[in-house]
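Student: Once you've had a glance at the structure underneath, I'll fire off some questions.
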Amino acid sequence: MNDSRITSSDAGPPGVRHIPDSAWQCARCGSEWPCESYKRTALRDYRRNRVALAMLMATYLHRFARDRPAAECVRAGARFLGWCRTRRPGRAAW
Ligand SMILES: [Zn+2]
């Protein structure tokens, strides 16, 4: 296995992916989900179909909104969708 891409944000239990846990934190690195590692991977995997990525993240946003109080959902749009059109996570998209 090539570990050259592993960074401190990849720390976590072996075999656990960067997916949301029941509290919407990353199950692997413990960051707010979607974490930077998930975003990097998703932007690479969906580089030719950002619409599909936006639709996937909209599904997650819908689930998040169902689970969380309305006050938390105010900034959830940027959290779940704001990065989908960028080449790199952390940059404003729209
Ligand atoms: Zn993570």
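Values quoted throughout were computed directly from the atomic coordinates according to the rules given, and no laboratory measurement underlies them. Since we're looking at a predicted model, the values are computed, not measured. Virtual Cβ from ideal backbone geometry, glycine too; neighbours counted across all protein chains shown.
Student: Name the residue, out of Tyr38, Tyr46, that is crowded, with 18+ Cβ neighbours inside 10 Å and either away from the ligand (no atom under 14 Å from the Cβ) or not aliphatic (A, V, I, L, M) (or both).
Tutor: That would be Tyr38, the only listed residue that is crowded, with 18+ Cβ neighbours inside 10 Å and either away from the ligand (no atom under 14 Å from the Cβ) or not aliphatic (A, V, I, L, M) (or both).
Student: Out of region 41-85, which residues are more than 18 Å from Trp24 (Cα to Cα), basic (Lys, Arg) and either assigned to a helix (DSSP H, G or I) or touching a Pro at 6+ places or on another chain (Cβ under 7 Å) (or both)?
Tutor: Arg44, Arg50
Student: Applying the selection to region 16-32, what residues are surrounded by fewer than 17 Cβ atoms within 10 Å (Cβ to Cβ) and within 7 Å of the ligand (Cβ to nearest atom)?
Tutor: Within region 16-32, just Ser31 meets the criteria.
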